[in-house]
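Undergrad: Sharing a structure, written as structure tokens. Questions coming.
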Amino acid sequence: MTTEILTHPSRIKVPYTWSAGETLSRFFKALRDEQKILGIRCPRCQKVYAPPKKTCGTCFVECSEWLEVGPSGTLLSFTQASYVSPAHRSSKPFFGLIRLDGADTAFFHLLGETNLQSLKIGIKVSPVFAEKRTGSILDILYFRAAN
Ligand SMILES: [Zn+2]
């Protein structure tokens, strides 16, 4: 006699540790220890990546020239979450694409102390750093309109 094997869909939670790697570790350490935002320049095309990349996505050469960017930048685009999620620190947060001063790439982060009426593409924004920093992207709590 054979037994019919039944299945039940479910979810499992698997804790893991993600390695930031050499390049992002240096970036996160500067955020944590110095409240500095680092970028890296491609030696061939001179593009400055912030956050930094080990390899230029255009030239495929290793980037090695570190430099400080920002901390202020220009808001390139923004949106507001249209739903509430436990992953959000606030209800329906704003997100922005920010080109930090001295960088050529966009930086994606939360926008705070703001509302839909005050956000405009092209405004200057600056970071608000967490008081207790741990070496993660959330060492920057959010960006807000610069004074
Ligand atoms: Zn390049």
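Undergrad: Suppose we filter segment 95-130 for residues that are within 15 Å of Ile37 (Cα to Cα) and assigned to a strand (DSSP E or B); how many remain?
TA: Total satisfying the criteria: 11.
Undergrad: Of the numbered conditions (1) over 16 Å from the mean Cα position of the chain (by Cα); (2) at pLDDT 95 or above; (3) in a loop (DSSP other than H, G, I, E, B), Tyr83 satisfies every one except a single condition; which is it?
TA: All conditions are met except number (2).
Undergrad: Within segment 131-144, is there a residue that is closer than 16 Å to Leu24 by Cβ, in a strand (DSSP E or B) and touching a residue at least 60 places away in the same chain (Cβ under 8 Å)?
TA: Within segment 131-144 (the criterion being closer than 16 Å to Leu24 by Cβ, in a strand (DSSP E or B) and touching a residue at least 60 places away in the same chain (Cβ under 8 Å)), the answer is yes, since at least one residue qualifies.
Undergrad: Could you check segment 42-72 and list, in sequence order, the residues that are touching a Leu at 6+ places or on another chain (Cβ under 8 Å), outside any loop (DSSP other than H, G, I, E, B) and of a type outside the set (Asp, Glu)? I'd like the intermediate steps shown before the answer.
TA: Filtering segment 42-72 for residues touching a Leu at 6+ places or on another chain (Cβ under 8 Å) gives 48, 50-52, 66-72.
Restricting the remaining residues to those that are outside any loop (DSSP other than H, G, I, E, B) gives 48, 66-69.
Val48, Trp66, Leu67, Val69, listed by residue number.
Undergrad: Just name the residue that is farthest from the ligand (Cβ to nearest atom) out of those in segment 34-58 that are within 29 Å of Ala130 (Cβ to Cβ) and of a type in the set (Val, Ile, Thr).
TA: Restricting to residues being within 29 Å of Ala130 (Cβ to Cβ) and of a type in the set (Val, Ile, Thr), the top hit is Ile37.
Undergrad: Further question on the same structure: Going residue by residue through segment 109-124, is there one that turns out to be without any contact (Cβ under 8 Å) to a residue 40 or more places away in the chain, buried (at least 16 other Cβ atoms within 10 Å of the Cβ) and closer than 22 Å to Ala20 by Cα? Steps first, please.
TA: Let us first name the residues in segment 109-124 that are without any contact (Cβ under 8 Å) to a residue 40 or more places away in the chain, namely 109-118.
Adding the requirement that they be buried (at least 16 other Cβ atoms within 10 Å of the Cβ) leaves 109-112, 114.
Filter once more, keeping what is closer than 22 Å to Ala20 by Cα: 109-110.
There is at least one residue in segment 109-124 that is without any contact (Cβ under 8 Å) to a residue 40 or more places away in the chain, buried (at least 16 other Cβ atoms within 10 Å of the Cβ) and closer than 22 Å to Ala20 by Cα.
Undergrad: Then there is this: Please work out which one of (1) under 14 Å from Gly39 (Cα atoms); (2) among the basic types (Lys, Arg); (3) part of a loop (DSSP other than H, G, I, E, B) is the condition Lys92 fails and give its number.
TA: (1)
Undergrad: Quick one: His88 ticks every box in (1) farther than 25 Å from Lys120 by Cα; (2) away from the ligand (no atom under 16 Å from the Cβ); (3) modelled with pLDDT under 95; (4) not basic (Lys, Arg) except a single one, so which number is it?
TA: Condition (1) is where His88 drops out.
Undergrad: Taking the options Cys45, Cys56, name whichever one is of a type outside the set (Gly, Ala, Ser) and crowded, with 16+ Cβ neighbours inside 10 Å. Step through it out loud before you land on a result.
TA: Numbers: Cys45 fails: crowded, with 16+ Cβ neighbours inside 10 Å.
Of Cys45, Cys56, the one residue that is of a type outside the set (Gly, Ala, Ser) and crowded, with 16+ Cβ neighbours inside 10 Å is Cys56.
Undergrad: A further question on this structure: Quick check: anything in segment 29-37 in contact (Cβ under 8 Å) with a residue 40 or more places away in the chain, in a strand (DSSP E or B) and farther than 30 Å from Asn115 by Cα?
TA: There is no residue in segment 29-37 that is in contact (Cβ under 8 Å) with a residue 40 or more places away in the chain, in a strand (DSSP E or B) and farther than 30 Å from Asn115 by Cα.
The values are calculated or read from the model by the stated rules, or taken from the named source; none is laboratory data. All of these numbers come straight from a predicted model, not from anything done at the bench. Neighbour counts are summed over all protein chains in view; Cβ atoms, including those assigned to glycine, are modelled from backbone coordinates with ideal geometry.
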